[in-house]
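J.: Dumping the structure here so I can ask a few things about it.
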Amino acid sequence: MPLRPFALSFASVALVASLGAQEPAPGVRIGLTYAPGTRPGLYVLPLRGAGADSVRAIVARDLDHGDRIAVIAPDGGVIPSGPLNYALYQRLGAAAVLQMTMPGDGSLQVALHELASSTVRNSQRFVLPQPALGPAWRLAVHRVADEVERWVTGQQGVAASRVLFVRGGTLWQVDADGENAMPVPGVGAALGPAWHPNGTVIAWTELGDGGSRILMRDLTSGRTSVMSGRAAANLSPAFAPDGSQLAYAAGSDGTDILVRPLDGEAGSFAITAGQGSTNAQPSFSPDGRRVAFTTSRLGRNEIYISDSDGANPELLTTSGFGDQLYRSDPSWSPDGRAVAFSTQIEGRFQVATIALRDRSVKQHTSEGINEDPSWAPDARHLVLTSNRGGSRQLWVLDTESGRMRQLTRGPVARMAAWGPRLPAAR
Amino acid sequence: MPHHLPRLALVAFSLLSVACFPKQDPSTSPEALAAAAKAKKADSVAAVQAEAARVAEAARVEAAAKAEAAAKAAVAKATADSVARAEVITRAITATRSTFAEMIFFDYDRAELSVESRETLEAKLPILRANPGMRIRISGHTDERGSDEYNLALGQRRAAAAKRYLVSQGIDEARIDVVSFGEERPMVEGSDESAWSQNRRDEFEIVVGGDAIRVP
């Protein structure tokens with residue numbers, strides 16, 4: 001796989017550095033000569049072994065997608081023997097060098113050299129499940145990249161995660177790097193998927209001729225449970241952060257948000273009393289104490305937040321939108337600081353975030369129609385639906401730099417839900 | 001065998017007597033002639049009778065043919081009448097069905113019924129009243145704009161608005177199911193107001209009692 005594009009980010013290091021510290025980047029641990037907010041250069045060395053080129057390509061690409069590191073991984077390159085020539089890599093703009101070796105026992109030995117101190121900063125052995133290039137192997141390599149990102153920046157990457165979405169009326173999933181796009185088997189007509197925080201259980205809205213209902217599936221056992229009736233509209237499931245409850249919207253004339261335990265309906269309660277209005281799309285704060293949702297109770301769609309028992313509801317999207325009366329699709333960031341949502345601007349939908357501390361709004365998109373954001377576990381990236389490429393596809397937005405990358409290709413993809421970092425044993 | 005002779009002679013005589021005195025021809029006997037005349041008379045009567053029967057049969061066949069033709073004509077007429085009547089009924093049923101199925105449309109992001117929509121619903125009331133066993137399903141739809149999930153809820157409100165109106169006019173709510181398909185089943189593909197306005201709709205479907213619909 002050609003790696004030339006990453007060499008370009010070498011130049012961007014100096015560019016970003018010259019722009020100064022515009023955005024806080026807490027936790028940058030390496031490259032002390034760099035101001036906060038810059039992307040430290042990381043030279044990724046070539047390696048030898050089964051699937052070695054793919055390991056380097058995947059790790060380099062994952063780190064690039066993380067938007068925190070300027071990856072330097074030119075095509076070819078020499079596999080060094082003996083001690084590294086630190087001065088050489090410093091001259092190439094690197095703050096650190098990533099050295100990976102394959103001892104031949106199915107493992108990957110990874111070392112991070114910090115050039116400023118001329119030391120090996122981190123070293124770890126990772127097991128790569130065989131066969132090479134298989135899905136489990138790829139996931140393990142993504143996990144290596146996520147750990148390296150944590151070594152370098154203090155923030156774990158999100159490459160070892162998946163995105164659920166809707167394509168052709170059923171559920172699909174795709175790895176965070178856009179690989180392995182495939183239908184979730186045996187689901188049928190589906191909308192609006194959601195992840196359980198454990199990453200092994202999902203829920204979705206099943207839409208049939210007679211109505212819609214909420215289904216839940218354990219991806220490990222394949223067991224599917226019915227979580228709602230079908231007599232009315234049942235939609236937009238969301239798991240509470242502790243994984244014990246499921247919230248969704250239900251109603252025959254307008255909808256209210258109900259919360260029920262996963263293991264039974266006893267103890268279910270409603271957190272809205274809509275009286276014919278729509279209340280839907282619950283999204284919990286990471287501590288589980290608050291919930292954001294879409295409501296039409298004002299006669300137009302807005303985002304409200306309330307306590308997770310429904311108390312103290314308040315309008316979140318209060319102002320700054322002119323006469324464009326439509327906001328929806330709230331997604332509470334995993335760090336608890338912001339809510340992402342869709343808002344109508346000049347007749348088209350765009351993705352914005354609102355800070356919970358001061359209610360400041362930041363519009364992130366303007367090209368084409370962009371909607372339905374869902375946060376990555378790093379609270380920095382969003383997956384959203386955009387038609388900027390011609391048809392509706394999933395794109396990943398870096399909310400700090402504004403960089404967009406296309407995640408899916410092919411038939412229309414929409415209604416994305418970014419899952420948690422995946423557990424190792426899958 | 002001299003004592004056998006007289007017996008033989010007797011036998012011979014009797015044989016001779018049979019041979020020499022044959023029976024007289026009946027047709028020439030007076031009785032026979034009388035009988036023949038009688039028979040002849042009878043024959044002519046039979047002939048007359050046969051002729052009469054033939055004539056009668058011909059008349060009967062003719063009458064039967066006429067009757068058959070008349071019956072056929074009557075059947076044809078009746079068939080034509082019933083076909084015509086059936087056509088009228090079919091047309092009436094088709095018109096009833098189409099009145100029942102007529103969609104109503106909504107403004108963007110709204111679920112309120114327009115005056116026109118109320119009139120369209122009004123026209124369905126006699127049909128629902130004339131067919132008390134009929135169960136129906138109202139499905140709400142939206143255009144493609146806005147949140148896909150929110151649109152599922154919006155479609156539900158649109159279907160519920162039509163149901164609410166029909167119930168307010170005395171239709172038993174147990175006869176009306178509502179369902180939303182949001183933006184998932186557009187009637188018209190396209191991303192302009194023309195497509196959007198046709199997709200923001202309620203559809204009406206007969207679930208039970210559609211086979212023997214009664215024209216109001």
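J.: Check A:215, A:171, A:164, A:207 and return the single one that is within 20 Å of residue B:148 (Cβ to Cβ), touching a helix residue (DSSP H, G or I) at 6+ places or on another chain (Cβ under 9 Å) and hydrophobic (A, V, I, L, M, F, W, C).
T.: A:207
J.: Mind listing whichever residues of the stretch A:250-269 are surrounded by 15 or more Cβ atoms within 10 Å (Cβ to Cβ) and either in contact with an Asp or Glu (Cβ under 7 Å, 6 or more places away or on another chain) or of a type in the set (Gly, Ala, Ser) (or both)? Break it down stepwise before answering.
T.: Going residue by residue through the stretch A:250-269, those that are surrounded by 15 or more Cβ atoms within 10 Å (Cβ to Cβ) are A:250-260, A:262.
Hits for the stretch A:250-269 are A:250, A:251, A:252, A:254.
J.: Determine whether residue A:411 is touching a residue at least 40 places away in the same chain (Cβ under 8 Å), touching a Gly at 6+ places or on another chain (Cβ under 8 Å) and buried (at least 16 other Cβ atoms within 10 Å of the Cβ).
T.: Against the criterion (touching a residue at least 40 places away in the same chain (Cβ under 8 Å), touching a Gly at 6+ places or on another chain (Cβ under 8 Å) and buried (at least 16 other Cβ atoms within 10 Å of the Cβ)), residue A:411 does not qualify.
J.: Looking at the stretch A:171-273, what strands (runs of 3 or more DSSP E) fall wholly within it and have at least 1 residues that are under 25 Å from residue B:138 (Cβ atoms) and away from chain B (no Cβ under 14 Å)?
T.: Output list reads A:211-218, A:224-226.
J.: For the stretch A:336-350, give me each residue that is more than 18 Å from residue A:305 (Cα to Cα) and either surrounded by 14 or more Cβ atoms within 10 Å (Cβ to Cβ) or away from every other protein chain (no Cβ under 14 Å) (or both).
T.: Those that are more than 18 Å from residue A:305 (Cα to Cα) and either surrounded by 14 or more Cβ atoms within 10 Å (Cβ to Cβ) or away from every other protein chain (no Cβ under 14 Å) (or both): A:344, A:345, A:348, A:349, A:350.
J.: Filtering the stretch A:70-118 down to residues that are hydroxyl-bearing (Ser, Thr, Tyr) and over 19 Å from residue A:137 (Cα atoms), which residue is surrounded by the most Cβ atoms within 10 Å (Cβ to Cβ)?
T.: Among them, the one singled out is A:89.
J.: Here are some residues: A:138, A:230, A:167. Which one is out of contact with any Leu (no Cβ under 9 Å at 6 or more places or on another chain), surrounded by 13 or more Cβ atoms within 10 Å (Cβ to Cβ) and closer than 17 Å to residue A:62 by Cβ? Break it down into steps so the answer makes sense when it comes.
T.: Values: A:230 fails: closer than 17 Å to residue A:62 by Cβ; A:167 fails: closer than 17 Å to residue A:62 by Cβ.
Answer to the check: A:138.
J.: Based on this model, can you work out whether residue A:209 counts as under 18 Å from residue A:168 (Cα atoms) and without any contact (Cβ under 8 Å) to a residue 60 or more places away in the chain?
T.: Criteria met by residue A:209.
J.: Moving on. Does residue A:332 meet the test of being buried (at least 22 other Cβ atoms within 10 Å of the Cβ) and over 25 Å from residue A:298 (Cβ atoms)?
T.: Considered against the rule, which asks whether it is buried (at least 22 other Cβ atoms within 10 Å of the Cβ) and over 25 Å from residue A:298 (Cβ atoms), residue A:332 comes out as no.
J.: With the structure loaded, tell me whether residue A:299 is under 21 Å from residue A:237 (Cβ atoms) and not in a strand (DSSP E or B) or whether it fails that test. Even if it seems obvious, please write down each step before you answer.
T.: Details: under 21 Å from residue A:237 (Cβ atoms): no; not in a strand (DSSP E or B): yes.
When the stated conditions are applied, residue A:299 does not pass them.
J.: Considering every residue within the stretch A:263-286, establish whether at least one is among the charged types (D, E, K, R) and within 21 Å of residue A:230 (Cβ to Cβ).
T.: yes
J.: Any idea which of A:298, A:315 is surrounded by fewer than 22 Cβ atoms within 10 Å (Cβ to Cβ), assigned by TED's automatic domain parsing to the domain that holds residue A:369 and closer than 17 Å to residue A:360 by Cβ? Break it down into steps so the answer makes sense when it comes.
T.: Numbers: A:298 fails: closer than 17 Å to residue A:360 by Cβ.
That would be A:315, the only listed residue that is surrounded by fewer than 22 Cβ atoms within 10 Å (Cβ to Cβ), assigned by TED's automatic domain parsing to the domain that holds residue A:369 and closer than 17 Å to residue A:360 by Cβ.
The values are calculated or read from the model by the stated rules, or taken from the named source; none is laboratory data. Owing to the predicted nature of the structure, the values given are computational and were not obtained by experimental measurement. Backbone-built Cβ (ideal geometry, glycine too); neighbour counts: all protein chains shown.
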